[in-house]
Each structure stands twice: as structure tokens, then as C-alpha cells.
Amino acid sequence: MNPARRTTPRALRRLPLNTAAAITFLVAVFPVYWMVLTAFRPTRDIQSETPGFLPLSVTLEHFERAVAADGFWTFWRNSLLVTAGCVLLALVVALAAAFAVARMRWRGRRAFLLMVFVAQMAPWEALLIPMYVIARDADLLDRLPTLSLIYFMITLPFTVVTLRSFLAGVPAELEEAAQVDGCTRAAAFRRVTLPLLAPGLLATSLFGFITAWNEFAFANMLIIKNQDDRTLPVWLSSFSNVFGTDWGATMAASTLFALPVLVLFLVLQGRVAAGMTGGAVKG
């Protein structure tokens, strides 16, 4: 039988799926492409009545205005501090909680896991008003550590579930063998188990980074008076001048804002994919 005849039916069966995947890709990527395209376009092309989908000319003036704008580097630093605090705190607490769930047997363990899953399913928007009331009554408004704590609470359930799955996939006998060789329990975990958790740690770190870096609603609601403590997403929403919204500079600032996440994902892509799939099937 001709090999082409054997492969053609399968290719035809996969055609609808491939078409749907291509359409999904285009719908998801087009806004990002348009943002980058607008960032590099001259102002006359941005304001043209006939939009073009290919750059006829390129300029860097929008990036120069975005970087030179008042407060850009301050808000960049704020976003970085809030994100780093959220990620580090979530990793430390979630690793301890995941170890307790995966390695120890104690009363209420199943109930604890159930509550973690319930917390993970809760929509973030439902927490806006309660978090605002708590922050107001505790005098925690207009403070960057408050944002880090809130993002930490948002990302903690996912981090606990993912790391618990990875810990369950690492045989406890490895730690016991290290203890027989003279290591303490903490040293055995640090030297044997922790290196094996690298994909899971990277995956959860990237999730926490993206969540805290892109979050807008809490930052916009909890930073009211002290405008110097705003984060980049909030600052981008007010990027305008006396003539209206400067779309070129706004898109350039948005491109610079999205760049760290893109670079981080490209660098960690392989380990993140292993971490997401491993955390989904183990445990």
C-alpha cells in the first residue's frame, strides 16, 4: 500500500484540530503583536485612519518617552520588590506546608488539603472588598508589603499543591538513606530532596511572578494616597498627557513591562514545562 494513502486520512482527521489550534494561536497572539507593532510605529502611522498590519517604518521615540517618563523606574522598582517578596515568601511557606502534607501523617491532613483546594478555586475578585476592609482597619493601606502579603495569599494554594505533588513523587527512602549516612533530617532534605524539586520550584516561582507582576485590581485599590508606591500596571493605566492618551508611549511601556516575564519564561521554559506536567500527574 502506498504510504501516502495511509497518512492522508490521519492528516485529514487532524486538520480540524490543527485549524482550531492555529485560530486560537492567532487570537491569543494578535493583541501582543499589535502592542509591539504600535510601540515601534511613528505617531503618524498610529493615528492613520487606515491601519497597517506590517511596519512601514520603525522608531524608538516611544520607548525613549516611556523610559524618561516621570516615575517609570520608581514604579518598576516597586513592582520588582512586591513580586520578589511574594515569590520568596510563597516558596518558603509552601515548601514547609508541602513537606508536612507529603511526608508526615497527622490528624486533619485531608481536611487541610481540601481547604487548600477550596482556597485555590476561590475567585480573586471576591477578595477585593474583604481585603480592603482588613487593610483599612489594620492601617495597612498605601504600603508595598501589603501587596506582597496579598499576592502571597493568592499564590500560596497553587504553590502548596504543586510542591506537594513533587514531594510525593520523590521517594522518602532517599532521605532515609542520607540519614543513615549521618545527615540530619534537615540536611538530608536540603542535600537530596531539594535539588530534585528544582522543576517544581521554578514552575511555582514563575506562576507567582506572573501573578504579582501583572496584578492590577488590588494595587489600584490599596495604594490610594501615596502615589509613589504604585506598581507598573497601575501607572500604565494613567499614562497620558495634556493631549490625551499617548498610545505610542503607552504601548512601548507595556512592551517593556511584559519583557521580564517573556525573558524569564524563555529561559526557564524547559524546566517550567517539566514542573507543570510533573505536578499535575504525581501524588
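The values are calculated or read from the model by the stated rules, or taken from the named source; none is laboratory data. Here the structure is a predicted model, which is why all the values come from computation and not from measurement. Cβ atoms come from the backbone with ideal geometry, glycine included; neighbour counts cover every protein chain shown. Side chains included, ligands, DNA and RNA excluded: accessible areas come from the protein's heavy atoms. Shrake-Rupley method; radii C 1.70, N 1.55, O 1.52, S 1.80 Å.
Report in % the part of the accessible area of the chain that belongs to carbon and sulfur, leaving out ligands and nucleic acids; probe 1.4 Å. The partial results should precede the final answer.
On the way: 11370 of 16840 Å².
Taking all protein chains in place, the chain shows 67 percent carbon and sulfur surface.
Report the charge-dipole magnitude of the chain in Debye, nearest 20, computed about the Cα centre from +1 at each Lys and Arg Cβ and -1 at each Asp and Glu Cβ. All intermediate terms of the calculation are to be shown ahead of the outcome.
Numbers: 24 positive and 17 negative charges, 313 e Å.
Result for the chain is approximately 1500 debye, rounded to the nearest 20.
Among the chymotrypsin sites (Phe, Trp or Tyr not before Pro) in the stretch 121-174, which ones are in a DSSP loop with at most 12 other Cβ atoms within 10 Å of the Cβ? Mind listing them?
Working: sites: Trp124, Tyr132, Tyr151, Phe152, Phe158, Phe166; in loops: none.
Sites meeting the loop and neighbour criteria: none at all.
For the pair Ala258 and Gln120, what calculated FRET efficiency results from E = 1/(1 + (r/R0)^6), where r is the Cβ-Cβ distance and R0 = 35 Å, to the nearest 0.05? Mind showing how you got there, number by number?
On the way: r = 25 Å, r/R0 = 0.73.
It comes out at approximately 0.85.
Rounded to the nearest whole Å², what accessible area per residue is found for the stretch 1-92 with the 1.4 Å probe? Could you put the intermediate results ahead of the total?
Values: 6660 Å² over 92 residues.
About 72 Å² of surface per residue is accessible.
If you keep only loop residues by DSSP, which chymotrypsin sites (Phe, Trp or Tyr not before Pro) in the stretch 29-78 have at most 16 other Cβ atoms within 10 Å of their Cβ? Intermediate values should be presented prior to the final figure.
Values: sites: Tyr33, Trp34, Phe40, Phe53, Phe63, Phe72, Trp73, Phe75, Trp76; in loops: Phe53.
Passing both the DSSP loop test and the Cβ count: Phe53.
Across the stretch 223-235, in residue order, what do the Karplus-derived ³J(HN,Hα) couplings come to in whole Hz, using 6.51 cos²θ - 1.76 cosθ + 1.60 with θ = phi - 60° and x for Gly and Pro?
Those phi angles translate into 9, 10, 8, 7, 5, 6, 9, 5, 9, 4, x, 5, 5 Hz.
When Kirkwood radius over Cα pairs in Å is calculated directly from the model, which label among (i) 18.6; (ii) 22.3; (iii) 21.4 fits?
Given (i) 18.6; (ii) 22.3; (iii) 21.4, the calculated one carries the label (ii).
Over the heavy atoms of Arg65, what accessible area does a 1.4 Å probe trace out, to the nearest 10 Å²?
In the full protein context, Arg65 sits at about 90 Å².
Compute the acute angle (0 to 90°) between the alpha-carbon long axis of helix 144-169 and the principal axis of greatest extent of the alpha-carbon atoms of the chain; round to the nearest 10°.
Long axis of 144-169 versus the principal axis of the chain: about 50 degrees.
Give me the distance in nm between label points sitting 7 Å out from Cα along the Cα-to-Cβ direction at Asn220 and Val67, one decimal.
2.8
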